[in-house]
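Take a look at the structure below.
Nothing in this text is a laboratory measurement; each read-out follows from the coordinates by a stated rule. Every value quoted in this text rests on a predicted model; they were computed, and no experiment measured them. Glycine also receives a Cβ, built like all others from the backbone with ideal geometry; neighbour counts cover every protein chain displayed.
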Number of protein chains: 2
Amino acid sequence: MLKIRRIAIDTHPENTAFLLRKGNGYSAEQFQALRKIRIAGADASILATLAIADDLELLGPGEIGLGEQAFRRLGLPEGAEVSIAQAQPPQSLEYVRRKIDGDTLDDTEIRAIIGDIACYRYSPMEIGAFLVACAGFMSTQETLALTRTMAEIGSQLKWTSPVVVDKHCIGGIPGNRTSMIVVPIVAAHGLIMPKTSSRAITSPSGTADTMEVLANVDLSEAELQAVVEQENAVLAWGGRVNLSPADDVLISVERPLRIDTFEQMVASILSKKLAAGSTHLVIDIPVGPSAKVRSEREAIRLRKLFEYIAHRLGLTLDVVMTDGSQPVGRGIGPVLEARDVMAVLRNNDDAPADLRERALMLAGRVLEFDPELKGGAGYARAMELLGSGQALAAMERLIAKQGKRETPLEPGSFQHHIGSPVNGTIAAIDCHVIARIARLAGAPMDKGAGIDLLHKVGERVRRGEALYRIHAESQAGLAFARELAEETSGYTVAP
Amino acid sequence: MLKIRRIAIDTHPENTAFLLRKGNGYSAEQFQALRKIRIAGADASILATLAIADDLELLGPGEIGLGEQAFRRLGLPEGAEVSIAQAQPPQSLEYVRRKIDGDTLDDTEIRAIIGDIACYRYSPMEIGAFLVACAGFMSTQETLALTRTMAEIGSQLKWTSPVVVDKHCIGGIPGNRTSMIVVPIVAAHGLIMPKTSSRAITSPSGTADTMEVLANVDLSEAELQAVVEQENAVLAWGGRVNLSPADDVLISVERPLRIDTFEQMVASILSKKLAAGSTHLVIDIPVGPSAKVRSEREAIRLRKLFEYIAHRLGLTLDVVMTDGSQPVGRGIGPVLEARDVMAVLRNNDDAPADLRERALMLAGRVLEFDPELKGGAGYARAMELLGSGQALAAMERLIAKQGKRETPLEPGSFQHHIGSPVNGTIAAIDCHVIARIARLAGAPMDKGAGIDLLHKVGERVRRGEALYRIHAESQAGLAFARELAEETSGYTVAP
């Protein structure tokens, strides 16, 4: 038996355990060669990767160190006794091997795999193997089983209203922060729209990151229910309520491997919405040369997959294809995006017209889930709610109920302008490059970091005139971003 | 700039760096989300996975901790200044993504991938993605490029003799320690046979582990050359001489994922032999229900792939299919296997007949690479060299030159017998189960741990009579092994 010692090392997302090289009666290296050990205590056990310590200050003989993740997930106190053994690989890895060999898996097998993944029994390597095997071939039936299983594992939000609406964009377009405008419009109309969003993983900001500039988004399930009861809606971070936790684990491997198949995307999005209790959903698919979906043909294939899976799971779906040829709005990064969103809600003259227009269109589609609204009347109703200030009032109530941020955040004070290399017209803006520059500047962790786009496609600029301004909260962030921007600005200016 | 601090934590096989959560002017969590960072100093750089430390005793602000692997691979002293940045993913990952999408890769692309893998630029997850994509489909041309590239990266041993022979078994059969008998026979005959072997990764012993019971196997390239010059042969560990290092990295991921495709196997074996300077090679493919190859049809497919790749790379090959239906010899585990090998070389009456027979057959095939020997004369010559004691004398010279182990090792003193459940005849012995029990007992790290098989297939046993004896060097090892053996003995006894 070994005694638990908590080690203040965070190896997100993996469980790591630490064992002294010598003096345990165990051969630590032999365990390490097997990559994973099972740590079992009173009535809890976890799998962990083993690191070997040679430092007696970190760890004594007879002790097993647990990194932050492992300590939290095992849930036993320091000093508790545990035993270790070679981890028996999860049974479901046999199914992954069959998938690698080209087999199609049945519902039970997919359920077993996802169950083990959600409980952190797979290493990133094993998850990657499953995802790559699926990327090779995945049947519609497998995608359906995957989506259903992911939705069923973790929390399930329940609502009393028979119609619970949501909207979701598949992502990839910087600045496309329409949810923060659509939600207050829909709430003002009276439909139930409990919107849970993710934080950015590889993009410069997620809806949760941007909303957090204005209000607390870290709500418990009870707090979330209370806000929705009073205001019809909420704009919260989904991470706290544990919806489709398998999705979060899969994403942590999909992102670095840049696996972005339609099957995984559909399963990811629809499982989260089902777990969140949505009944009616608008999906926004931006199409453009640097978007996730690059042609209308691809967009139609994706739409059909969304529709099939949603239909089989009892979800009413409306898929909208939108212009994904350039970023939306002006600001990229949490503070700059929040500024744009509030400018639209306040009906300011300088509010970005493209962001306003797109939000109104999407809000109109969501509003038409209301059986009372005549077909085609959604857009006009959205205009009315925005123009009259009712949407702004709804947003202000949401902010107040979630917990308004006391001291406003400002755009980062370290700034640099990127100028046009020639006199000419802006022909294209690359979404990927703009996103990467904003990230290098520090977004989304540094809320004020990002990019302010001063000109968009079709506008004329003079040589040397600023195309955009980089904001950062540190000299290092500004230097990182500037280095890439000066190499590749992301703008194509045609003389 | 951050100052290097060496952290006594071994995260084999990955590079790990440690950064304090706060106070660096860096957002450690943001870097961690990207999984990998690039650490660059004066004229060296490495990629590493980032762990976040919250313990000021481990690490101060302005410092970056490097785990054992990272510290050694970067090669800079403690206190040296380095900068960190988001790791640019290796360019070759684009080719991996194309392979995932079903593309066939050309030689240049495979070369780029293997080059990056050999330099530890891929995470296990990324290596797994490449391997799984290859398991889906791999052309003969790709296998050829893979083998050639793997052989070219790392050290290349050079020999003056035009004929340099070797033999290799694809593995999977416990106790099949023929190399330690074949090598002295061939050396006594006068052919050059510089045998480098691996240590066991998932099996109870590799040739290097068993040879190490008798002699030092950790030879530098110069020492290895010197032994071969004097004795025609060597029985050394290959890990020190850095042959096909990409193979070692790939294997570290293949084993836990149990990816064992013929393409990877052929590339792994032939790349190591090419790098070792072999010109003539006997490949042993055991076929049996619990062996790696389970049918003659599969064995023929594997043989053809070996032959094609070897031919294209200028290697003369003789593929032998052998009985893989049960373990070979009696002992499983380093000390017990070494005992069997020496019993055969000493022509002891109680030497395991099956081990002796198989070694003679394989030695005969190797000897026939000698143009002087008439076809079919190899076996007789092998008999002569073994029976006359010339092979034993050659082995004793090898042991002396490599460095004889001073104090002999004994089988583990913690012992337990597993008895037959019925009166009957032994119908089958499962190679996997026997290997796992021997490993649980502590082999190969605990040299004396393992299994002594007291009866083999076809022998009659009485109820309760011992089928085999487990040896361990610790009470814990004996308990682990006994637990599995009492659940599943690995023996089928037909009443």
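Restricting to chain B, what percent of DSSP beta bridges are antiparallel, rounded to 5? Intermediate results must be reported in sequence, preceding the final value.
Numbers: 33 of 63 bridges.
The answer is about 50 percent antiparallel.
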### Average partner coverage of B:51-58, which counts Cβ from other chains inside 10 Å
5
### Task
Sort shortest first the distances from residue B:294 to its counterpart in every other copy, using label points 7 Å along the Cα-to-beta-carbon line, and give them in nm.
4.1
### Relative contact order (%) - criterion: Cα under 8 Å, at least six apart; region: chain B
14
### Query
Each residue of region B:375-390 in order: what ³J(HN,Hα) in whole Hz does its phi give by Karplus 6.51 cos²θ - 1.76 cosθ + 1.60, θ = phi - 60°, with x for Gly and Pro?
x, x, 8, x, 4, 4, 5, 5, 4, 4, 5, 6, x, 7, x, 5
### Query
Size of the dipole of the protein assembly as shown about the Cα centre, Lys and Arg at +1 and Asp and Glu at -1 on the beta carbon, nothing else charged, in debye to 20?
680
### Task
Using the Cα centre as the reference, give the magnitude of the dipole from point charges on the C-beta atoms of region B:414-494 (Lys, Arg: +1; Asp, Glu: -1; all else neutral), rounded to the nearest 20 debye.
180
### Message
Charges at C-beta only: +1 for Lys and Arg, -1 for Asp and Glu. How large is the resulting dipole of region B:93-137 about its Cα centre, in Debye rounded to 20?
### Response
140
### Message
For region B:400-473, what does the relative contact order come out to in percent, with C-alpha contacts under 8 Å and a separation of six or more?
### Response
46
### Query
Cα centroids of region B:464-495 and region B:156-230: how far apart, whole angstrom?
31
### Query
Which distances in nm, rounded to one decimal and ordered from shortest, link the label point of residue A:156 to the equivalent label points in the other identical copies, with labels set 7 Å from Cα toward Cβ?
6.4
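Around residue B:199, with a cut-off of 10 angstrom between Cβ atoms, what is the net charge of the other residues, counting Lys and Arg +1 and Asp and Glu -1?
Charge balance in the 10 Å sphere: -2.
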### Shielding by other protein chains, B:85-92, mean Cβ within 10 Å
1
### Task
Run the numbers on region B:93-137 and let me know its relative contact order in percent, using alpha-carbon pairs under 8 Å that are six or more apart.
52
#### Entry: 19 Å Cα-Cα reach of residue A:22 towards lysines, excluding residues that sit fewer than 8 places from it in its own chain
A:3, A:36, B:447
